[in-house]
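Structure, as C-alpha cells:
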Amino acid sequence: MNIAVIGTGYVGLVSGVCFSEIGNQVICVDNNEEKVQMLNEGIVPIYEPGLKELMTSNMQAGKLAFTSNIGEAIHQSDIVFIAVGTPSLPNGEANLSYVEQVAYEIGTHLESYKIIVTKSTVPVGTNDRIRDLIRNISSQPFDVASVPEFLREGSAIKDTLNPDRIVIGTSSERAIQTLKKLHRPLTSNLIITDIRSAEMIKYASNAFLATKISFINEISNICEKVGADVTRVAEGMGYDKRIGSAFLKAGIGYGGSCFPKDTQALIQIAGMVDYDFRLLKSVVQVNQDQRMQVIYKLQEALGSLAGKTIAIWGLAFKPDTDDVRDAPAIDIVQHLIDAGATVKAYDPIATDNFRKEIDIASISWEDSPLHAAQDADALCVLTEWKEFAQVDLTTLAQTMKEPVMIDGRNVYSAEQIQASAFHYYSVGRPGLVKLEGKATAII
C-alpha cells in the first residue's frame, strides 16, 4: 500500500520505517527542512535500537522516503497517518494544535478518497473534530480512523512489528477492510471498535500501567518499613494471572513522553465531563513523591547535602533510549543543586538531551561511570543501564570518597552488596550498611 506518515517524531518515524519493512511504499513528512535533510542522509535524530539499520535498508530498497512537501505525500498515498505531537498544556490538557493544523493541510490537499488515521494520542472526540474540520474544507470523499500506538521506547521496533494487538476504531467498513489488510502481517489480533472507544483504549491502557507502577512503589515504601523485600513480593504477585508481572518493578517512578502526559490528560478529560478521577490523581502524586525518596535516603546517609559531591548514574527516563522527557533525574538533580551539592553525571547516550533541560556550572558531565564516581560522597543510580550492573563494586567503592550508594532501580543484588564495602540504600528492600565489618539490615 501507499502510505504517508505526517510527523517524524518517535511514533511517526518508527511507524513509517516499520510499515516500509513489511512491504509498503512509505513517505514520511515533516515541516522541519533540516530534519528531513538529516533523515534523507540516513541520520536518525533519536536513539532506538535497530531503527537506523531498518531505516537505511528500506531507503536503499526504495520503499521509504522523507519530504517536507505534505501535498505531494498526500497525493501519492492511499492512507495518511497523523503522528504529530500532542504535548501537555499548562492545565494538563493535550495540545491539539499540531493535529488540527495537519487536518487542515490534509483537507487543503485532498484530491481523491483517502483514509485518515490518527496515530497520535488524542482525547476522546478528537477524530470527530478532524472529520468535521476536513469536511469544512474539502468535498472529496474520505474516512477517519483511530489506530493508537502502544510501542515502548527502547523496544519500539519489536513492539511495532510484533504487537500484542492492533486497535482499529472507525465507522467505515471500507476503512476497516483496508486497515485490517495493512496490519494483518503484524498480528492476527485485530480489535475493531468505534472511534471513541479506540481513543479511550489508549488512555485507559497507559493510565492502568501507570497505576501498577505507583502501586508497587507504594508497596515498596511499606516493605522498607516492615523489612520485606519488594522484589520477592512483586514476584509472588506476578505469578497470579489476574495480576501479571509486567510493570511491577519498584523504582523511582515513571517518566517519558507518554505516562506523565497521558495520565494528566485523562484527568482533564474526566474533569471536563464533571468526573473527579481521584484514583488517577493519586497515581500521579505518588509518582512525583517517589522521586524524592532518593533525596530522603541521601539525607539519611549524609545529613546536609550542602557541599557534598553526588555522582549520578543515568539521566534517561529508562534504559535503551536518549529520551529525558519528564525523567526522574531532572527533579532529583535540580533538588541536589538547590540543596548546594555538586553533581557529577553520566549517561551512555542521554547527556546531550539532558543538558538542554539543566546545564549549570555545578554539574560536571562525565564520560564513564567511574569518572562520575571519582571522589563522590555518594552515588545515585537513576537508570538501570546494563553497563552499571557490570561495574566492579570493589573498584567502585575505592574510587569514591565515601562508599554510599542509593540504588533507585535495584540494580544490585543483596549478595553483591554484602560482598562489598557499600553503605547501600535500595527501593523496597532492607538497605545494607556495614557496621564493624558486618552487614546489617536497615528497616
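Specify the residue that is farthest from residue 86 (Cα to Cα); the eligible residues are those in the stretch 254-299 that are acidic (Asp, Glu) and surrounded by 14 or more Cβ atoms within 10 Å (Cβ to Cβ). Only one residue fits best here, namely 289. If you go through the stretch 264-316 and keep only what is of a type in the set (Lys, Arg) and in a helix (DSSP H, G or I), you end up with 278, 281, 291, 297. The condition (being touching a Leu at 6+ places or on another chain (Cβ under 7 Å) and in a helix (DSSP H, G or I)) is satisfied by just one residue among 388, 354: 354. Within the option set 308, 241, 225, being of a type in the set (Lys, Arg) and within 24 Å of residue 354 (Cβ to Cβ) holds for one residue only, 308. At least 2 residues being under 20 Å from residue 149 (Cα atoms) and within 24 Å of the chain's Cα centre (by Cα) is the threshold, and among the strands (runs of 3 or more DSSP E) wholly inside the stretch 41-122 those reaching it are 79-82, 114-118.
Listed here are the residues, each with its yes/no results for (1) out of contact with any helix residue (DSSP H, G or I) (no Cβ under 9 Å at 6 or more places or on another chain); (2) touching a residue at least 60 places away in the same chain (Cβ under 8 Å); (3) among the aromatic types (Phe, Trp, Tyr).
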site	(1), (2), (3)
338	yes, no, no
345	no, no, no
349	yes, yes, no
352	yes, no, no
356	yes, no, no
359	yes, no, no
362	no, no, no
365	no, no, yes
376	no, yes, no
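Within the stretch 109-145, the set of residues being in contact with a Gly (Cβ under 8 Å, 6 or more places away or on another chain), closer than 22 Å to residue 173 by Cβ and either touching a residue at least 60 places away in the same chain (Cβ under 8 Å) or not assigned by TED's automatic domain parsing to the domain that holds residue 72 (or both) comprises 119, 127. Restricting attention to the stretch 4-15, the residues being within 14 Å of residue 46 (Cα to Cα) and either in a helix (DSSP H, G or I) or touching a strand residue (DSSP E or B) at 6+ places or on another chain (Cβ under 6 Å) (or both) number 7.
The values are calculated or read from the model by the stated rules, or taken from the named source; none is laboratory data. Quantities reported herein were computed from a predicted structural model and do not represent experimental measurements. Neighbour counts run over all protein chains shown; Cβ positions are idealised from the backbone, glycine included.
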